[in-house]
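Below is one structure, written out as structure tokens; comments come after it.
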Amino acid sequence: MTCVHEVSVMSDIINAVMDEMKEYYAHKVEEVAIVIGDLTNLGDDQMTFAFDVMTRDTILSGAKLVIEREEIRLLCKECGYHGKAKVLKNEGYDHSIPILSCPECSGPVNVTEGMACRVRSVRIREDSDVQV
């Protein structure tokens, strides 16, 4: 089942791509590559399903959705650690829980990566027969 959150985010992504495609003579989008941060809790399967359903009867119909995951990285305000966040994993659950404190000194941190949800690239087929 697709969550309302995934549908809303995917709607924003599709609208952004469609708006950008108006600037080109694109009649078919072949691939949309997006970056999704692990801290967003957006699922790949749900995002792919939402993309497939929401792009029917558009120039995005049949386009491949490529999802690149962005891991959570932290910068410690106290010791300067910059690296991956530790995560709690439970064998019985699909999700892991990030620990948003410094893995070195347990100090407060800034999240530097892992919150993204953006379009990385769009591959299109241009209509070469269009006259400007």
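The values are calculated or read from the model by the stated rules, or taken from the named source; none is laboratory data. Small disclaimer: the values here were computed from a predicted structure and weren't measured. Heads up, the Cβs are rebuilt from the backbone with ideal geometry, glycines too, and the neighbour counts pull from every protein chain shown.
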Write out, first by first residue and then by second, each pair whose Cβ atoms fall under 7 Å of each other, whose residues are 6+ apart or on separate chains, and whose first residue, in the range 64-77, is more than 25 Å from Pro103 (Cα to Cα) and modelled with pLDDT of 95 or more while the second is surrounded by 14 or more Cβ atoms within 10 Å (Cβ to Cβ) and of a type in the set (Ser, Thr, Tyr). Leu65/Thr48
When you look at Val66, is it surrounded by fewer than 17 Cβ atoms within 10 Å (Cβ to Cβ) and in a helix (DSSP H, G or I), yes or no? no
Take the range 1-39 and flag every residue that is surrounded by fewer than 18 Cβ atoms within 10 Å (Cβ to Cβ), under 10 Å from the mean Cα position of the chain (by Cα) and not small (Gly, Ala, Ser). Val35
Every residue from the range 84-108 that is among the aliphatic types (A, V, I, L, M) and in a loop (DSSP other than H, G, I, E, B): Ala85, Ile99, Leu100
Please go through the range 33-63 and give me each residue that is of a type in the set (A, V, I, L, M, F, W, C) and part of a loop (DSSP other than H, G, I, E, B), ordered by number. Leu42, Ile59, Leu60, Ala63
One residue from Asp44, Asp57, Asp52 being of a type in the set (D, E, K, R), under 13 Å from the mean Cα position of the chain (by Cα) and either surrounded by fewer than 17 Cβ atoms within 10 Å (Cβ to Cβ) or closer than 30 Å to Ile97 by Cα (or both): Asp44
Any residue that is over 22 Å from the mean Cα position of the chain (by Cα) and β-branched (Val, Ile, Thr) - is there at least one of those in the range 71-87? no
